[in-house]
Amino acid sequence: MPVGHSSFRLQSKWFFAAIAALIVIFAAEMFFSARRESQTFDEPAHLYAGYSYWLHGDFGINPEHPPLVKLVASLPLLIERPSYPKPLNVFFRGASVLGGRQLFSTPDAQSLLAHSRIAVSGLPTVRSLAQTSAPPASSSARFTPSIATSSSLRSSDSRCAQSLQA
């Protein structure tokens, strides 16, 4: 065995341990911040749209963004089963805003929001795991404060920002 081979193996073990530790810290930051952040203006509309996608296959409510994040965010709603407000026969933006307002007018609205944020916060963590083979300079962009602070929010805009940082 070459002399430098054992030191390379030791360095690579520490390198991957450091990456794993950063990903765990990142996931913990997102998980614990999910309950502390206040609701953004479009979260109820996006959750209502995602819930509609699951229950009725109706992608006409809030079709502005791709549905993946809305579907993942609304998964906890399938377990908790809040009452689904029937969409009004208005422009889709109005239907999603009013439906989201009705959905979040229940006493357990904060719980619904926190659970959906926790579900969404897993997406950047999975993405970080999938990209650990990237060069260290590009991998460190995943842990910037702007990504870490907005990753738990249920917002398609923060997902777009994360994609641009890749």
Q | Inter-residue pairs, beta-carbon under 7 Å, first charged (D, E, K, R) and in segment 33-46, second assigned to a helix (DSSP H, G or I) and modelled with pLDDT of 85 or more, 6+ apart | A | Arg35/Ala114; Glu43/Leu113
Q. Under 8 Å by Cβ, and 6 or more places apart or on different chains, what pairs join a residue from segment 104-121 that is under 9 Å from Arg35 (Cβ atoms) with one that is modelled with pLDDT under 85 and in a helix (DSSP H, G or I)?
A. Ile118/Phe31
Q. Within segment 89-114, how many residues are outside any helix (DSSP H, G or I) and crowded, with 19+ Cβ neighbours inside 10 Å?
A. 1
Q: Any residue in segment 2-27 that's at pLDDT 80 or above: show its pairings with residues that are part of a loop (DSSP other than H, G, I, E, B) at Cβ separation under 7 Å, as long as the two are six or more apart or on different chains.
A: Ile19/Thr132
Q | Sole exception among (1) at pLDDT below 90; (2) surrounded by fewer than 12 Cβ atoms within 10 Å (Cβ to Cβ) for Asp58, by number | A | (2)
Q | Qualifying residue in segment 130-150 (condition: outside any helix (DSSP H, G or I) and modelled with pLDDT of 85 or more) | A | no
**Q.** Scope segment 28-49; condition assigned to a helix (DSSP H, G or I) and crowded, with 19+ Cβ neighbours inside 10 Å; matching residues
**A.** Met30, Glu43, Pro44, Ala45, His46, Leu47, Tyr48, Ala49
(Q) Quick check on Leu71: is it assigned to a helix (DSSP H, G or I) and either at pLDDT 85 or above or charged (D, E, K, R) (or both)? (A) yes
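The values are calculated or read from the model by the stated rules, or taken from the named source; none is laboratory data. Given the structure is predicted, the values throughout are model-derived calculations rather than measurements. Neighbour counts are summed over all protein chains in view; Cβ atoms, including those assigned to glycine, are modelled from backbone coordinates with ideal geometry.
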